[in-house]
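To keep things clear, I will list the structure first and then write my remarks on it.
Taken together, the values in this text are just the output of simple stated rules run on the coordinates, not laboratory data. Here the structure is a predicted model, which is why all the values come from computation and not from measurement. Don't worry about glycine lacking a Cβ; one is built from the backbone with ideal geometry, like all the others, and counts go over all protein chains shown.
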Amino acid sequence: MQHRGEIIKLAVYKSGFSITELAKRIGKSRRWVYLMFENNSVSLDVILQIGNIIHHNFTKEIEELYPIKRTLINSISDFQSTEVSNDYWKNKYLKLLEEYNTLLKERRNSTEN
């Protein structure tokens, strides 16, 4: 099994991010951070949180994050296919807006008469 604490420790030191600043951003003490470095089984939530703080992608080093990586890739491809349909929704919105404006004009005309 991978030693998650060691992986995190190496990434934090390589990032140049200070332990004090990391501890502040996590809301923990510096002592907690050093103890975490010694922990073999740091939770995935903590790993992802630290990764966001130090701008490091742990999916390359920690096997359990591979499914998350796959999910992110699928989400990106879904987003890209959504971009294609953006024109559809934009045109639909514009059509509805035109219909709404037409109804407002008709309503004004009927109240004036």
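Quick notes on this one:
- Hits among aspartates and glutamates - C-alpha to C-alpha of residue 92 under 16 Å, sequence gap 8 or more where chains match: 83
- Straight Cα distances below 26 angstrom link residue 9 to the lysines 24, 28, 60, 69, with same-chain residues fewer than 8 positions distant left out.
- The simple spin-label model puts a point 7 Å past each Cα toward its Cβ; for residue 28 and residue 60 those points are separated by 2.3 nm.
- Taken one residue at a time, the phi angles of the stretch 100-111 give Karplus couplings (6.51, -1.76, 1.60, θ = phi - 60°) of 5, 4, 4, 4, 4, 4, 4, 5, 4, 4, 6, 7 Hz. Gly and Pro are set to x.
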